[in-house]
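Nothing in this text is a laboratory measurement; each read-out follows from the coordinates by a stated rule. All values derive from a computational prediction rather than experimental measurement. A quick note on method: Cβ atoms are made from the backbone with ideal geometry, for glycine too, and the neighbour counts reach across all protein chains shown.
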Amino acid sequence: MTEITAPKSPITTAEFADEIREQLKYTQGVTVEQATPADVYVAASTAVRRHLMDSWMKTQQDMVNGNTKAVGYLSAEFLMGKQLRNALLNAGLTEQFDEAVEQLGFDYQDVVDAEYEPALGNGGLGRLAACFIDSLASLGVPAFGYGIQYQYGIFKQSFNEQGQQIENPEYWLANEEPWGHVDYNRSQRVDFGGYVADEDGKRVWHPATCVRAVPVDYMVPGYASGRVNTLRLWTAKSYDEFDLLTFNRSDYLNAVRPQVDAENISKILYPEDSTPQGKRLRLQQQYFFVSASIHDAIRVFYPGQDKPDLTTFPDKITFQLNDTHPVIGIPELMRVLIDEYGYDWDTAWDITTRTFNYTCHTLLPEALEVWPANLIGELLPRHLEIIYQINDHFLNEIAGKTRDKAKIERMRIVTEGDDPQVRMAYLAVAGGSHVNGVAELHSQLLKDITLKDFSDLYGEKFTNVTNGVTPRRFIKLANPRLSDLITEGLGTDKWLSDLELLKGLEPLAQDDEFVKKFAEVKHANKVSFANYAKRQYGFDMNPDTMFNSMIKRLHEYKRQSLKILALIARYADIKNGNMSADDVMPRTVIFGAKSAPGYYMAKLTIQLINNVARVVNNDPDVKGKLNVFFPWNYNVRLAQHLIPATDLDEQISQAGKEASGTGNMKFALNGALTVGTLDGANVEIRERVGAENFFLFGMTVDEVEELYAKGYGPAAYYEANPRLKQAIDMISNGTFSNGDRNTFAPLVADWLTKDYFMTLADFDSYTAIQSDIEALYRTPLEWHRKALINVANSGYFSSDRSIEDYLERIWHTGPLAD
Ligand code: 26Q
């Protein structure tokens, strides 16, 4: 007997169909006959929202009235993906929806396809935030996600004739958006600029301008928890007051300018996910959403109180800072407590440090945010004073802990000199209770290198929480075939809320019949993906080849270049006749990647991949043996289609550079094998699935360090390895640029002279592991057995487990009582 625990709403199909009809008529003003799939999408989404309303309101009431501390997840990005299917799943309405829509004469897939994906994030960090709020709700923990409702999400990527990336605006709000509820009556004012004056012994901020932060609320239904949390994204509106002086001078356009500028604050998501540029508007965005969120939390937890006792604030809510982006919240809470509520410094500092915690997502020094003090002073003069004061107190405090003068200097929150800089990561460590990395290795390296001085003196603050992904979206929704097989294998669907139950599949890996069914699921997924890729992109993919994917942001440290060099070497082997037809294991290589618009090397790499794809796919000599595809505009939807169809996943960053990775977890859970370095969460995945079920290659962190210390010269590797040399020479001689030798010259020059991420040094080991990969793939049963063992042992990588770790190690709170 299979035990089904998935929630099922008591509503019938007929009732659901009636609700859709009502919505169509009374809200949208169309008949069923007139309605398009997009109309039905809006009507059905509205109906689902209505169904969640009671649980949403009750969750909020229980949160405010009970004693369970809530979590405020402060994040500049939430990469949510489509909402409808997820909401249906978590609300237990999937069947009713499918049937109702069919009864109304629509294809449910058309209706689902009508949804426009909100892409309010760059990549891993934003998607992690989305997984975490899903898990918080599913575990019944009261929580707010707080962020920004950008009008333009991450750009829509296309490729031009030359294979270059083109960025197009992603104006997702051009379509009706039924999920977000604009709540003008819960707006907050956010001030900027001006000056600070001494008045009656107090510092008083006289801002120059202000904007109105209007919340847009999204319901976050938990799976099988009956709880519905809130994602509150702020949008910037101007106040409707005119600058009368200017107005009277009849300079109307200038009078309206502040209004127009105000609304720019939430206009666009910055598409850089490293080397932040210190842009004024970006700082405005950060302060905008953080200030509004802090005031919102005070409003929610002390309703109607003029003089709340905010010493209890840390018992009401704990704020998690998703990277340094919301760290301006630390001086903001200090300012609110001191200036707005009259607390003294020490009390305010005690409250603040007990409220905040900080998650770091990087190891790259250039990705650690630093703001010019001058810029902060211009936009937030009172905050700059407070930051300097925090700096002074902090330096005093560490002087009591160490006599190492150099160390104390290194730990300054604000640097000295002509153009002082505020180091947001340092401010976050000083102003919060806990700091965590996102995988074991990353947390260790933070302590040993990036934040070593801090860890020496405040070791107790440092901890690890390994990332995770939600099995609801990334297994159940993305891979229904595998979900059914897992449920069949385990005899229950409880794994959806307790992913460690996947362990129960391990014995089935010795059952050849089950492994064959598992292999059939993978094949069916590949066929589905091939059809999807044909429809969406016009690609011709052969599902009987190995599907080998590399999907992630384009970055030098992630080393898409290693993959492309190996691929060119393989192409040359086949072309040169170095391999007999039998030796060639047919492969379909699939890339997905966006580059930051101003990242020259990354954009050139995209162009190279596209041109290698063009040459390889058109070469009759390699027909049927090697194909390369680069579907444009990689996003959550494409991930949901591609991951279940992948045989081999690439996680090949230079060791010590990828903080965690989360794609690696999604692939392992969907039965792909990983080829990867000992980096980020790969280390833990390999530990859990077993070394024999993971294709490891490349230098370790220590070996990288050693080689770097010795002096790394990439040219020697080029000279020593004829296959590598040939691959690079083919790029140089114009094979992939219609004979033009200049197009990719900057890439080649970089590899041969700098190669900062040691692509060339790892080439040998990377190409050597390919024979193991191909040997295994020739015995499908053994391949799929290992893939199944991966699934069985990846339950740890559920974001439910990550959240439980946060609850235990950092937040010290739990589910609401029933
Ligand atoms: C900062 C300032 C100004 C403009 C942009 C930014 C910015 C925006 C996004 C900086 C960084 C990001 C995103 C970083 C990110 O996605 N990091 C990834 O986080 C994942 C979740 O923890 C990890 O798995 C990845 O290893 C890490 O690269």
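Which percentage, to the nearest 5, of the DSSP beta bridges contained in the chain is antiparallel?
Taking every DSSP beta bridge with both residues in the chain, the antiparallel ones total about 40 percent.
Throw me the Rg/Rh for segment 72-120, computed over C-alpha atoms with Kirkwood Rh, two decimals. Can you show the working numbers first?
Details: Rg = 13.6 Å, Rh = 12.3 Å.
A ratio of 1.11.
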Residues in segment 559-574 that a label on Thr753 would reach, taking backbone N under 19 Å of a point 7 Å out along Cα→Cβ
none
List the chymotrypsin sites (Phe, Trp or Tyr not before Pro) within segment 514-545 that DSSP assigns to loop and that have no more than 14 neighbouring Cβ atoms inside 10 Å.
none
Using Cβ counts within 10 Å as a stand-in for footprinting exposure, how do Thr347, Thr362 rank, fewest first?
Thr347, Thr362
Beyond 28 Å (Cα-Cα) in this structure, taken from Lys156/Lys558; Lys594/Lys657; Lys452/Lys558; Lys25/Lys494; Lys202/Lys279, we find Lys25/Lys494; Lys202/Lys279
I'd like the chymotrypsin sites (Phe, Trp or Tyr not before Pro) in segment 284-344 restricted to DSSP loop residues with at most 14 other Cβ atoms within 10 Å, sorted by number.
none
Treat each spin label as a single point 7 Å out from the Cα along the C-beta direction, and report the Glu774 to Glu176 distance in nm.
5.5
Give me the extension gain from Arg614 to Thr2: residue separation times 0.36 nm, minus the current Cα-Cα distance, reported in nm with one decimal.
215.5 nm
For Gly656, which sequence-distant residues (separation of 5 or more, or a different chain) have an amide H within less than 5 Å of its own amide H, given hydrogens modelled in the peptide plane?
Gly680
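Which longest run of the chain has no exposed loop site in it, a site being GluC sites (Glu not before Pro) in a DSSP loop with at most 11 other beta carbons within 10 Å, and the site itself not part of the run?
Working: sites that count: Glu33, Glu161, Glu241, Glu416.
My reading of the result: 417-818 is the longest stretch.
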Label-zone membership for segment 585-615, site Asp740, 7 angstrom Cα→C-beta point, backbone N under 18 Å:
600-615
In the neighborhood of Ser433, defined by Cβ-to-Cβ distances under 10 Å, what is the net charge if each Lys or Arg adds +1 and each Asp or Glu adds -1?
+1
Calculated FRET value between Lys307 and Asn185, using beta carbons and R₀ = 22 Å, to 0.05:
0.45
Mind jotting down the distance between the C-alpha centroids of segment 705-760 and segment 607-627, whole Å?
21
Quick one: go through segment 34-71 and flag any residue whose amide nitrogen is under 19 Å from the point 7 Å out along the Cα-to-Cβ line of His812.
67-71
Per q in 0.10, 0.13, 0.22, 0.25 Å⁻¹, report the Debye log10 I(q)/I(0) for segment 75-166, using one uniform scatterer on each alpha carbon and no solvent.
-0.39, -0.62, -1.10, -1.20
Listed by chain and number, the lysines with an alpha carbon less than 21 angstrom from that of Lys522, same-chain partners under 8 positions apart left out, are Lys476, Lys503, Lys534, Lys625, Lys666, Lys786
Expressed as a whole percent, how much of the Cα-Cα distance distribution for the chain exceeds 54 Å?
12
Here P(r) for segment 480-797, Cα-Cα distances in 10 Å bins, as whole percents, is 6, 27, 35, 23, 8, 1, 0
Using only alpha carbon pairs under 8 Å that are at least six residues apart, calculate the relative contact order of segment 36-185 and give it in whole percent.
30
May I ask you to compute the full-extension gain from Lys407 to Asp729, defined as 0.36 nm times their residue separation minus their alpha-carbon distance, rounded to one decimal in nm?
111.1 nm
Could you tally the net charge around Trp56, taking each other residue with its Cβ under 13 Å from the Cβ of Trp56, Lys/Arg +1 and Asp/Glu -1?
+1
Would you grab the residues whose amide H sits under 5 Å from the one on Thr492? Only those 5+ places off in sequence or on another chain, please, with H modelled 1.01 Å from N.
Glu3
With a point put 7 Å past each Cα toward its Cβ, work out how far Asn160 is from Arg280 in nm, to one decimal.
3.0
Tell me, how many Å apart are the Cα centres for segment 403-480 and for segment 19-80?
36
For segment 803-818, in order, what is each residue's ³J(HN,Hα) by Karplus, 6.51 cos²θ - 1.76 cosθ + 1.60 with θ = phi - 60°, in whole Hz (x at glycine and Pro)?
5, 4, 5, 4, 4, 7, 8, 10, 7, 6, 9, x, x, 5, 5, 5
For segment 512-620, the percent of all C-alpha pairs falling in each 5 Å bin, from 0 up to the bin holding the max distance, is 2, 10, 17, 20, 18, 16, 11, 5, 1, 0, 0
